Each structure stands twice: as structure tokens, then as C-alpha cells.
1. Could you order peptides 51-57, 168-174 by the average number of other Cβ atoms within 10 Å of their residues, highest first?
2. Summing Lys, Arg as +1 and Asp, Glu as -1, what charge do residues with Cβ under 11 Å from the Cβ of SER250 carry, SER250 excluded?
3. 5 Å is the cut-off here: which amide hydrogens, built 1.01 Å from N in the peptide plane, fall below it relative to CYS172, excluding neighbours closer than 5 in sequence?
4. Whole Å is fine, so just give me how far the alpha carbon centre of segment 191-230 lies from that of segment 492-557.
5. Can you tell me the order of 490-502, 538-550, 354-366 when each peptide is scored by its average per-residue count of other Cβ atoms within 10 angstrom, highest first?
6. What shape does segment 71-139 have by the C-alpha gyration tensor, where a ≥ b ≥ c are the square roots of the eigenvalues, rounded means a/c under 1.5, and otherwise prolate means a/b greater than b/c and oblate the rest?
7. Using a 1.4 angstrom probe, figure out how much accessible area the chain has per residue, in square angstrom, rounded to the nearest whole.
8. For segment 344-436, what ratio Rg/Rh do Cα atoms give with a Kirkwood hydrodynamic radius?
Amino acid sequence: MNVVFAVKQYISKMIEDSGPGMKVLLMDKETTGIVSMVYTQSEILQKEVYLFERIDSQNREVMKHLKAICFLRPTKENVDYLIQELRRPKYSIYFIYFSNVISKSDVKSLAEADEQEVVAEVQEFYGDYIAVNPHLFSLNILGCCQGRNWDPAQLSRTTQGLTALLLSLKKCPMIRYQLSSEAAKRLGECVKQVISKEYELFEFRRTEVPPLLLILDRCDDAITPLLNQWTYQAMVHELLGINNNRIDLSRVPGISKDLREVVLSAENDEFYANNMYLNFAEIGSNIKNLMEDFQKKKPKEQQKLESIADMKAFVENYPQFKKMSGTVSKHVTVVGELSRLVSERNLLEVSEVEQELACQNDHSSALQNVKRLLQNPKVTEFDAARLVMLYALHYERHSSNSLPGLLVDLRSKGVSEKYRKLVSAVVEYGGKRVRGSDLFSPKDAVAITKQFLKGLKGVENVYTQHQPFLHETLDHLIKGKLKENLYPYLGPSTLRDRPQDIIVFVIGGATYEEALTVYNLNRTTPGVRIVLGGTTIHNTKSFLEEVLASGLHSRSRESTQATSRSASRR
């Protein structure tokens, strides 16, 4: 189950099927992103695709010597653009591929528009999602719910993305969902509906143990997306932001022009592929080794190019050298900037307290540490608010809860009203009342013993003690212990055996920390394959935008105003 490979295969098949000759790849805004995640421009150029165009761009030239490969989402807008295109074709012949199921009526409209008979074929290739890592996909949707319920347009897009994923991996799954989330049940029903309606597409060879789709809701664990991260991929996203593998470095002091935006893709960057899950400290020493390796291979200035053989060797090694030089300067810049931000924002200290808030249960120590950091001028308003949010979530119902005092501290630190209001919004979004699970206290004797032992021996790394709640959920699922009263099956049938192929989808967004959990479970659990997806991949900033977009904060404010109003009437 490799999502990058699945999308890659679709794209190479499209290009192969169009046969030899010069080609143009015609895409829309979303499919452009889908393709760019799995192929570089130079890789596609090698397959005789010499031009990349958007279907919605108005001033495309007529080029009758090119074949057109169209890869588009099956939206009404795209079908309309295609109809216009086919009435006045700019290219010699069209191979049309939709990234999802297209209606018969749309195909009929296209056939009617194709008066010049330029369409060679119309097919469905289900690459309708962003493949981030082999076991991680996203739909790049921010703000999928209004309150606790789906935004209808986003529910439809998510259903399409998730069913396309299942089709591309050739899985017809049983579905389980988080009972405490109405949105999870609704999405499960929509996916099941598509599977029933398009049953012919979902007729794959039966496996002994059917695959399982588990639908979860971000509300159940609002802690994970609020934490600072210390593994390379997760840390880059947290501090710099990754957008379709691209990192914007334009704000880095003294950045050179060619490094203002860099691409980090494990597909074609060996250093990144080998280091994306390692801790920051290890990456520092690996960068040093990369530099030393580079110095050795560097063509010496005084290298004598006397014979033809010398020149040939130099020219042959130069592209490799140039590529390596690009990799070195890119990673040195990225790691340098991470390092600068860590010391400028005092993140080691901040992160230690975040981990204490997420993993320990000592209220007075946690409160003292949060108060101490709020006094520290190096701690930014963003990090100060994040600490108070974590405190509010963990000690929401603690008898000595001191949240009002901390909110006063935030105000006197000069933290803007936007962030102060977000504290109550986050509790409204993922507080005790909403969660179907108990995030903080260990559930059973084994877990209590584990936590006690962990306390005794201390932790090897205080910055990475936290494990996402997803780890426990998947652990129980793999062992056949995930409670059906909390995660029921959709429909009458249940799974008798332990699941082998598991697709987990998080409404409201997954995180790179959860992707690391899945990566490790895949590595250490023989016979189990897990793919993780989310409406988006969050860092703290985007998660807070998700909370704002849900509109829950305004609701909580209105209800408190209403109660005070009615009280004053009495």
C-alpha cells in the first residue's frame, strides 16, 4: 500500500498510452499539485512531455503538432472548459483522464462537443488526492466543518478523495468510525454509498482478511497538533511550513535568490529520504557528514584537465556534483534556519514544558513552569498562547485550575486578543466534553505501570516523550482490542480476524507526528500495512486556523453572553 507509487503509476500510464511524439500535459489547479508531488518537471520532460498548461488559462497557443494529455478533476467547471476546448481544439489529438468517477451525462456532453473527432480516449484514473509520503496522503482542505458538522462542499470533496484512494489501492474495505463524532459517521455513510453505487469498480480480488477503513476526528486529540516537533519533516512543517513539498524561505535573513523556495521530496532527495524521521540532533551531525563528503568529491580547482579522458571524467561527474551541491546548500540553509528559530524563540525550554503538559500529571509543577515561561521575553506570543492552550486542555476540570490567571498573564505579556480568544476556542473544539476518549489518564493497570516505570527511569529524550493518541488506537486495532462501543462498524458485518490492511482517515487534519507513528508501526509490525490520510496535514498554525474556521469559538461566546443576560433579567 504505497500512495506515492499508486499516483506515479497512473501518470506514467497516461503518458505511455498516448504513444510516442511530443506532448502537452493539460491540468487544473488541483491536478497540477497532485502531479508535482510525485514527479519533477525534468522527469516528465524525459517522457516527451514538453509543455505544461492549465486548462483554465485563456491565452494558450494553437500547437497542432502536440498531443494533449488532459488530467483533470471531474468538476462541472472542468467539463465546461473541455467542451470549449474540443469545439476549437488547439492540439492534434486528446487523451482525457479524469481523476475520479465522471457521470455518463458529462461524457455525452463531451462526445457532442467533439465534432472534429480529436478525442482518442476518455478514462478514469483515480489519483484524486495528494500523495505526501508512501504511507501518507492529504486532500489539502482547511476548515472542513462548520461547528461539529460537515461543510457540504467539503464532505463531497472528501468522499471523492477517499473513494479514489481506495480505488487506487484496489481496496474495498469494511468501515469503522469514531462514535463520538457525527462527522465521522456521516463520512463513513457517504463512502459506503459510493461503494454500493459503483460496486463494479470495487470488485477486487477478495483477500482472506478484508481491508479496514477507520475514520477518526481531530477533536479527539487536539494535543498532538499543538506540540513543537523535533524530527526533520515534522519540524520543517512546524517552523517553516511545507506546502505540496515546497518550503518558502524568502523570510530567512540574507537568503540567496535561488534558495527563496526549496523543494523537499523524499522521491528525489536521498538525504531527505534518509533523514526525514530522525531527530534534530542527529540531522546536525548528518549534515556535517554530507558537507565532508561533498568537500571530497568537489572538483579541485587545480585539477589538471590535460587529456581528453580528464575532461570526459569532469563533464560526466559534473551533473552529479551540481546535484549534490544543490542538496548540500538546500539542507544547510533549512537546518540553519531551524536552528536559528529554536534559539531565537527559546524552543528547547518551551518544548520541554509542552511535553510535561502533554505527558505528565503534576499540576503544580506544570502551572509553575508555564507561568515562568510567560515571564520570559524570548517566548513569542504564539508559543505563550500554545502553552496556555495545552494547560487548558489538560487541566480543564482540575480542582485547582488556574486558567483565568494565565489568561491575565497572557494579556500582560501583550499577547493579542486573537490568541487569547483561541484558548477557549481550542477547549470548545477538543475539550473533555467533546472527546470520546480519555487523552490524559492511563486507562488500565498495564498503562499505569508503564507510566510509573517511565517516571522511574526518566526519559531518554524529554522533547519526544509524547505519543499521539493515534498510536494507542492503532495498537488496540492491530491486536483486535479496539472497543466496538467506541469505534463501531458501519453496517452489520464485523471483522473476525485481526486487520492487515488499514486505512486511517482523520477529519480535521492529520499531523507529521502521526505519520511518523504509522511509519514506525509499519516497520515493526509484520503483516500489517497502514496508510494515514487527513483532510489536510497540520502544524500548530494551520490547526488553529481549522479551529477558527469551525466557528465553535463564536458559539461558545454567544452562549456565555446569553447566560449572563438571562441571569441579569432575574
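1. Highest mean packing first, the order is 168-174, 51-57.
2. +1
3. Here the answer is none, since no amide H 5 or more places off falls under 5 Å of that of CYS172.
4. About 9 Å separates the Cα centre of segment 191-230 from the one of segment 492-557.
5. Result, highest mean first: 538-550, 354-366, 490-502.
6. prolate
7. Per residue, the chain has an accessible area of 49 Å².
8. My calculation of the ratio gives 0.93.
The values are calculated or read from the model by the stated rules, or taken from the named source; none is laboratory data. These figures come from a predicted structure and were not determined experimentally. A quick note on method: Cβ atoms are made from the backbone with ideal geometry, for glycine too, and the neighbour counts reach across all protein chains shown. Just so you know, the surface numbers come from the protein's heavy atoms only, side chains and all, with ligands and any DNA or RNA stripped out. Shrake-Rupley method; radii C 1.70, N 1.55, O 1.52, S 1.80 Å.
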